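Engineer: Got a structure for you, written out below as structure tokens; questions coming shortly.
The values are calculated or read from the model by the stated rules, or taken from the named source; none is laboratory data. Since the model is a prediction, treat every value here as computed from it, not as a measurement. Here the Cβ is made from the backbone with ideal geometry for all residues, glycine too, and neighbour counts use every protein chain on show. These accessible areas exclude ligands, DNA and RNA; they are computed on the full protein's heavy atoms, side chains included. Shrake-Rupley method; radii C 1.70, N 1.55, O 1.52, S 1.80 Å.
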Amino acid sequence: MNLLDIINDPNTRWILLGTMFLGLSSGVIGSFAYLRKQSLLGDTLAHAALPGICVAFILTGVKSTSFFLIGAALAGLVAVFLISVLTRYSKIKQDAALGIVLSSFFGFGIVLLTQIQQSEYGNQSGLDTFLFGQTASMVMSDVYMMMTVSFILIFTCTVFFKEFKLLSFDPGFAKGIGLPVVFLDYFIMMLIVAAVVIGIQAVGVVLMASLLITPAVSARYWTERLHIMVILSGIFGMLSGVSGTLISTSVNNLPTGPLIVLSATVWFFFSMLFAPKRGVLSTVWRRLSTKKKYSLEQDKRKGSHPL
Amino acid sequence: MYQAALKVENLTIAYHKKPVVEDVSFEVPEGNLIGIIGPNGAGKSTLIKGILELIPKLSGEVTISGSSYKLMRKSIGYVPQRESVDWDFPTNALDVVMMGRYGHLGWLKRPGKAERHKAMECLDKVGMVEYANRQISQLSGGQQQRIFLARALAQEADIYFMDEPFVGVDAATEKAIIQLLMELKEKGKTVLVVHHDLSTVKEYFDWTMLLNKKVMKIGPTKEVFIPEYLQETYGGRLAILSDAQSGLLLK
């Protein structure tokens, strides 16, 4: 298929729209997760969705995206709760708490998934598509939901930009001026859960974290201003969603989710290498030119004052 | 009627079982510059964080100018330890100072011209106007400390809490900061400073609090900052100083 055919195909157009909005919103909320040093949080919440999806299927016995996503959201909330209990009431540090919750939830999810696969419903359930995502399974109502949730996420981040900024930079000071830091903490985690929920259908639980973090890391290379970083991160996410979807549609049998993630990685390498100021090439070039300038000056000094 | 700028009653704070600050009660009169000194682990920072409710307390009551702490938040300024934040955050000096206005702005409102103007004024007071648009990781330690101070000034508070503002700053910056704190005091503000350097206590602070889990002594520096009380507070660890040295220290 050439590009024009792809764009003209109504089904692909919907998927494109969905992954575009998914990339945009997860890039935006991911910026705050990254700056709050909670990169692993997105990964944990995404993996935690799997048992939620399985339990939803076991309870309802039907293959319904909305039930699955409700299950995923609930599992995410339980994970959020467990993480904060572990870090608040024990001496366990956050990275360890995230590690524990991630692996135990995912392990439990895989056990349930295997159980379901071996049961009478067998492979009919199609639950395994949530591991790595399958855009082909997305229908129009899914895309509507993705767009709605994306809109809410972006709207919230705009309205609470000032609070999120202070919370990310200096939570102690935020608490000092009376911001409900604990509540905001939960609130941001819920927004991440929301991004994960709309992402797992397209990208899957295993790779969803990369859509939250990679665009944010890429965006950080280009700017020293938070609002520009958040916007750029959204744009990188959106570009990744679009390019991943386009590549997977034009090359037969390539999975969309992993391609979206790989596109995000390409943007990341591009940013890391070519960004002005913070990029690798610019850093190396700056160091070399300083060195050269210095040695030239040294030579000049030696030349004018012969021993 | 006399009213204490800050009144703390029976404050106890524990991280895990063991109390770090135990049953602390004291009053601070308005318009003073107060140094909080004591050995490592005496709970100096913990005391400040406990008063500001940044960490949970086991018991105790804090009143600011006669009202409960929660009602007085807008009249409190806070300078946290510089290492408590990641300075490689995508923002500039002016932005950080403007954060001092967030508490007055309230939810939903965005900082605008008035906040920008106020922030520039505060940057001017700490001599950092030309660095307003500098990314904060590009600032030296002393400059970062000044930015934090400017942010606290932007809070336009009546009482200030400063957690080791002199750590890692050069002598010039230290002098500039103390100059500013003295100006605040002249304006009738109350400033509490966690401080390490015993040699400058007499010069800087008109009141001193000696802290070691409990308030050992608090009062005018002349009355409190004497060898006997210091030895008591530092548990004899100051004994390593010779008489000549401590004479110099406490002159």
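Engineer: Give the residues of the range A:162-189 that are in contact with a helix residue (DSSP H, G or I) (Cβ under 7 Å, 6 or more places away or on another chain) and touching a residue at least 60 places away in the same chain (Cβ under 8 Å), sorted by residue number.
Structural biologist: Hits for the range A:162-189 are A:F164, A:K165, A:L167, A:S168, A:Y186, A:I188, A:M189.
Engineer: Taking the condition of being open to solvent by less than 10 Å² (accessible area, probe 1.4 Å), out of contact with any Gly (no Cβ under 9 Å at 6 or more places or on another chain) and modelled with pLDDT of 85 or more, how many residues in the range B:52-93 meet it?
Structural biologist: 5
Engineer: Also, I was wondering about something else. Of the conditions (1) within 8 Å of chain A (Cβ to nearest Cβ); (2) over 24 Å from B:R134 (Cβ atoms); (3) open to solvent by less than 40 Å² (accessible area, probe 1.4 Å), B:W107 satisfies every one except a single condition; which number is it?
Structural biologist: The single condition B:W107 does not satisfy is (3).
Conditions tested, residue by residue: (1) modelled with pLDDT of 90 or more; (2) buried (at least 18 other Cβ atoms within 10 Å of the Cβ).
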| residue | (1), (2) |
| --- | --- |
| B:S137 | no, no |
| B:S140 | no, no |
| B:I147 | yes, yes |
| B:A152 | no, yes |
| B:Q155 | no, yes |
| B:T173 | no, yes |
| B:Q179 | no, no |
| B:D197 | no, no |
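Engineer: Being among the small types (G, A, S), within 11 Å of the chain's Cα centre (by Cα) and over 24 Å from A:A75 (Cβ atoms) is the requirement here; does A:G244 meet it?
Structural biologist: Values: among the small types (G, A, S): yes; within 11 Å of the chain's Cα centre (by Cα): no; over 24 Å from A:A75 (Cβ atoms): yes.
For A:G244, the condition - among the small types (G, A, S), within 11 Å of the chain's Cα centre (by Cα) and over 24 Å from A:A75 (Cβ atoms) - is not met.
Engineer: Return the pairs, sorted by first residue and then second, in which the second residue is open to solvent by 10 Å² or more (accessible area, probe 1.4 Å) and part of a helix (DSSP H, G or I), the first residue lies in the range A:208-235 and is of a type in the set (S, T, N, Q), the beta carbons are less than 6 Å apart, and the residues are 6+ apart or on different chains.
Structural biologist: What qualifies is A:S210/A:V261; A:T214/A:F268; A:S218/A:F236; A:S218/A:W267; A:S218/A:F268.
Engineer: For the condition without any contact (Cβ under 8 Å) to a residue 60 or more places away in the chain and more than 18 Å from the chain's Cα centre (by Cα), what is the one hit in A:S84, A:S90? Full working, then the answer.
Structural biologist: Working: A:S84 fails: without any contact (Cβ under 8 Å) to a residue 60 or more places away in the chain.
When all the criteria are applied, what remains is A:S90.
Engineer: Here is a follow-up. Could you check the range B:67-98 and list, in sequence order, the residues that are within 8 Å of chain A (Cβ to nearest Cβ) and of a type in the set (S, T, Y)?
Structural biologist: B:Y78, B:S84, B:T91, listed by residue number.
Engineer: Identify all residues within the range A:134-167 that are within 14 Å of chain B (Cβ to nearest Cβ) and open to solvent by 60 Å² or more (accessible area, probe 1.4 Å); write none if there are none. Break it down stepwise before answering.
Structural biologist: We begin by selecting, within the range A:134-167, every residue within 14 Å of chain B (Cβ to nearest Cβ); these are A:155-167.
If the condition is that a residue be within 14 Å of chain B (Cβ to nearest Cβ) and open to solvent by 60 Å² or more (accessible area, probe 1.4 Å), then A:F155, A:T158 are the ones that fit.
Engineer: Go through the residues of the range A:162-179 one by one and say whether even a single one is aromatic (F, W, Y), over 21 Å from B:L94 (Cα atoms) and modelled with pLDDT of 85 or more.
Structural biologist: First, the residues of the range A:162-179 that are aromatic (F, W, Y): A:164, A:169, A:173.
If we keep only those that are over 21 Å from B:L94 (Cα atoms) too, we end up with none.
No; the residues of the range A:162-179 include none that is aromatic (F, W, Y), over 21 Å from B:L94 (Cα atoms) and modelled with pLDDT of 85 or more.
Engineer: Where in the range B:146-233 are there helices (runs of 4 or more DSSP H), lying fully within it, with 3 or more residues that are of a type in the set (A, V, I, L, M, F, W, C) and farther than 23 Å from B:V24 by Cα?
Structural biologist: On the way: elements: B:171-186, B:201-204, B:221-224, B:227-233.
The helices (runs of 4 or more DSSP H) meeting that bar are B:171-186.
Engineer: Report whether or not B:R101 is open to solvent by 70 Å² or more (accessible area, probe 1.4 Å), more than 8 Å from chain A (Cβ to nearest Cβ) and modelled with pLDDT of 85 or more. Talk me through it step by step, then tell me what you get.
Structural biologist: Values: open to solvent by 70 Å² or more (accessible area, probe 1.4 Å): no; more than 8 Å from chain A (Cβ to nearest Cβ): yes; modelled with pLDDT of 85 or more: yes.
It is false that B:R101 is open to solvent by 70 Å² or more (accessible area, probe 1.4 Å), more than 8 Å from chain A (Cβ to nearest Cβ) and modelled with pLDDT of 85 or more.
Engineer: Taking the range A:168-179 as the region of interest, how many residues are more than 7 Å from chain B (Cβ to nearest Cβ) and surrounded by fewer than 23 Cβ atoms within 10 Å (Cβ to Cβ)?
Structural biologist: 2
Engineer: Test of understanding: among A:S248, A:S240, which residue is at pLDDT 90 or above and not basic (K, R)?
Structural biologist: On the way: A:S248 fails: at pLDDT 90 or above.
A:S240 is the lone residue from the list that is at pLDDT 90 or above and not basic (K, R).
Engineer: Looking at B:S45, B:S65, B:S75, B:S59, which one is closer than 18 Å to B:F205 by Cβ and hydroxyl-bearing (S, T, Y)? Spell out how you get there, then give the answer.
Structural biologist: Numbers: B:S65 fails: closer than 18 Å to B:F205 by Cβ; B:S75 fails: closer than 18 Å to B:F205 by Cβ; B:S59 fails: closer than 18 Å to B:F205 by Cβ.
Exactly one of B:S45, B:S65, B:S75, B:S59 is closer than 18 Å to B:F205 by Cβ and hydroxyl-bearing (S, T, Y), namely B:S45.
Engineer: Do the conditions hold for A:F268, that is, is it away from chain B (no Cβ under 12 Å) and surrounded by fewer than 22 Cβ atoms within 10 Å (Cβ to Cβ)? Walk me through it before giving the result.
Structural biologist: Numbers: away from chain B (no Cβ under 12 Å): yes; surrounded by fewer than 22 Cβ atoms within 10 Å (Cβ to Cβ): yes.
So A:F268 fits the description; yes.
Engineer: In this structure, does B:E174 turn out to be within 18 Å of B:L33 (Cα to Cα) and away from every other protein chain (no Cβ under 14 Å)?
Structural biologist: Values: within 18 Å of B:L33 (Cα to Cα): yes; away from every other protein chain (no Cβ under 14 Å): yes.
Criteria met by B:E174.
Engineer: Of the conditions (1) at the interface with chain A (Cβ under 10 Å from one of its Cβ atoms); (2) among the charged types (D, E, K, R); (3) surrounded by fewer than 18 Cβ atoms within 10 Å (Cβ to Cβ); (4) within 17 Å of B:N212 (Cα to Cα), B:K49 fails just one. Which one is it?
Structural biologist: Failed condition: (3).
Engineer: Looking at the range B:19-46 only, could you name the residues that are within 14 Å of chain A (Cβ to nearest Cβ) and either in contact with a Ser or Thr (Cβ under 8 Å, 6 or more places away or on another chain) or of a type outside the set (G, A, S) (or both)? Working first, answer last.
Structural biologist: At the first step, the residues of the range B:19-46 found to be within 14 Å of chain A (Cβ to nearest Cβ) are B:45-46.
Within the range B:19-46, just B:T46 meets the criteria.
Engineer: Hey, another quick one. Give the number of residues within the range A:130-161 that are touching a helix residue (DSSP H, G or I) at 6+ places or on another chain (Cβ under 7 Å) and outside any helix (DSSP H, G or I).
Structural biologist: Looking only at that region, the number is 2.
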